[in-house]
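Accompanying notes for the structure given below.
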Amino acid sequence: MADDLRRQITTGRIKPGERLPSEAGLADRYTVTLRSALAVLQGEGLVEKIHGEGNFVRRPLHKIVYVGGWGTLDPWIAADAALRVTVHTTTVQAHGRPTTLLKVPTGSPLAEFFCISHEGESPHGLARIYIPRDLVPAGALGDESPWRETVTRFAVLSSPPAAVRETVCARPPTPEEASALRIHPAAAVLAITRVATDATGRVVEPALLVFPGDRVDADFTDHHMTDERQTQG
């Protein structure tokens with residue numbers, strides 16, 4: 001089944017964005033395990049499953065570049081790929097990893113920004129960003145005017161921090177990440193933990209970023225924010 005569907009997709013018989021037959025219809029047509037075959041195609045990036053809608057041939061996606069230092073996406077590639085970033089904001093009490101990264105007591109009020117980038121309808125990456133309530137930009141949590149980030153940055157603070165430390169690893173996605181990114185649970189993701197600090201050493205913006213491994217390259221360069229601000233001044 002996977003071989004047959006792969007051939008139809010790669011030869012263009014089934015077009016990008018076209019819906020595959022229903023799973024019941026595929027099960028009638030093929031004798032192999034349906035879920036196993038679809039999992040193979042999802043793992044190869046040929047098919048994506050949209051919950052509640054069905055399985056679709058994945059449209060070709062531009063590969064983006066994550067530029068280390070303060071969470072930018074390469075502006076030329078981002079503009080060419082027509083990426084957009086939507087942001088959902090909420091107030092939470094510090095617990096788990098944000099508590100450790102921010103070095104604050106459990107239960108401290110934080111603003112959580114859940115960011116997800118899309119090219120068309122296909123997700124490209126996601127981030128959870130946490131900021132102490134006293135550092136939240138004006139209007140960022142307003143209900144009447146939902147806050148939206150620029151299309152080239154996974155960051156919230158309006159001014160560059162003094163220093164940024166990033167830790168990178170490759171791992172399988174969590175079930176929530178696999179669903180949000182429409183990838184197979186066994187696919188590899190690039191996970192970046194980014195911690196921004198101010199001139200006093202206070203952690204002001206920790207971010208947990210996740211990108212599908214086949215959709216992003218990461219470019220890291222030593223960069224001193226304070227020196228840059230002094231030069232620009």
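The values are calculated or read from the model by the stated rules, or taken from the named source; none is laboratory data. None of the values given here were measured: they were computed from a predicted structure. Cβ coordinates were reconstructed from backbone atoms using ideal geometry, including for glycine residues, and neighbour counts include every protein chain displayed.
Please determine, by comparing only the residues of the stretch 191-220 that are free of Cβ contacts under 8 Å to residues at least 60 places away in the same chain and in a strand (DSSP E or B), which one is surrounded by the most Cβ atoms within 10 Å (Cβ to Cβ). Let's see the steps before the verdict.
Going residue by residue through the stretch 191-220, those that are free of Cβ contacts under 8 Å to residues at least 60 places away in the same chain are 191, 197-202, 213.
When the remaining residues are screened for being in a strand (DSSP E or B), the result is 191, 197.
Values: A191: 19, T197: 17.
Going through the qualifying residues, I end up with A191.
For every residue, the table says whether it meets (1) at pLDDT below 95; (2) farther than 20 Å from L61 by Cα; (3) over 17 Å from the mean Cα position of the chain (by Cα).
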site: A138; (1), (2), (3): yes, yes, yes
site: G142; (1), (2), (3): yes, yes, yes
site: V151; (1), (2), (3): yes, no, no
site: F154; (1), (2), (3): yes, no, no
site: V164; (1), (2), (3): yes, yes, yes
site: R171; (1), (2), (3): no, yes, no
site: P175; (1), (2), (3): yes, yes, no
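Does S179 satisfy being outside the structural domain of K49 (by TED's automatic domain parsing), out of contact with any strand residue (DSSP E or B) (no Cβ under 6 Å at 6 or more places or on another chain) and assigned to a helix (DSSP H, G or I)? First the steps, then the outcome.
Values: outside the structural domain of K49 (by TED's automatic domain parsing): yes; out of contact with any strand residue (DSSP E or B) (no Cβ under 6 Å at 6 or more places or on another chain): yes; assigned to a helix (DSSP H, G or I): yes.
Yes; evaluated as a whole, the condition is true for this residue.
Taking the criterion of being free of Cβ contacts under 8 Å to residues at least 40 places away in the same chain and in a strand (DSSP E or B), the residues of the stretch 112-129 that qualify are E112, F114, C115, H118. State yes or no: is A2 at pLDDT 75 or above and either farther than 27 Å from I129 by Cβ or more than 21 Å from the chain's Cα centre (by Cα) (or both)? For A2, the condition - at pLDDT 75 or above and either farther than 27 Å from I129 by Cβ or more than 21 Å from the chain's Cα centre (by Cα) (or both) - is met.
Given the residues D214, D134, which is the only one that is of a type in the set (D, E, K, R), at pLDDT below 90 and more than 17 Å from I64 (Cα to Cα)?
Numbers: D214 fails: more than 17 Å from I64 (Cα to Cα).
It is D134.
For the stretch 94-117, filtering for residues that are within 19 Å of the chain's Cα centre (by Cα), over 15 Å from L135 (Cα atoms) and aliphatic (A, V, I, L, M) leaves 1.
Within the stretch 93-129, being buried (at least 20 other Cβ atoms within 10 Å of the Cβ) and of a type in the set (F, W, Y) holds for one residue alone: F113.
Using the structure shown, decide if T90 is in the same structural domain as R165 (by TED's automatic domain parsing) and surrounded by fewer than 12 Cβ atoms within 10 Å (Cβ to Cβ). For T90, the condition - in the same structural domain as R165 (by TED's automatic domain parsing) and surrounded by fewer than 12 Cβ atoms within 10 Å (Cβ to Cβ) - is met.
Being in a loop (DSSP other than H, G, I, E, B), charged (D, E, K, R) and farther than 30 Å from A155 by Cβ holds for only one residue in R35, R13, and it is R13. All of G71, G45 fail the test of being touching a residue at least 60 places away in the same chain (Cβ under 8 Å) and assigned by TED's automatic domain parsing to the domain that holds L126, apart from G71.
Examine the stretch 77-86 for a residue that is touching a Lys or Arg at 6+ places or on another chain (Cβ under 8 Å), closer than 27 Å to A207 by Cα, crowded, with 19+ Cβ neighbours inside 10 Å and among the β-branched types (V, I, T), and state whether such a residue exists.
Kept after step one, since they are touching a Lys or Arg at 6+ places or on another chain (Cβ under 8 Å), are these residues of the stretch 77-86: 77, 85-86.
Still in the list and also closer than 27 Å to A207 by Cα: 77, 85-86.
Pick out the ones that are also crowded, with 19+ Cβ neighbours inside 10 Å and you get 85.
The next check asks that each one be among the β-branched types (V, I, T); those that pass are 85.
For the stretch 77-86, residues touching a Lys or Arg at 6+ places or on another chain (Cβ under 8 Å), closer than 27 Å to A207 by Cα, crowded, with 19+ Cβ neighbours inside 10 Å and among the β-branched types (V, I, T): present.
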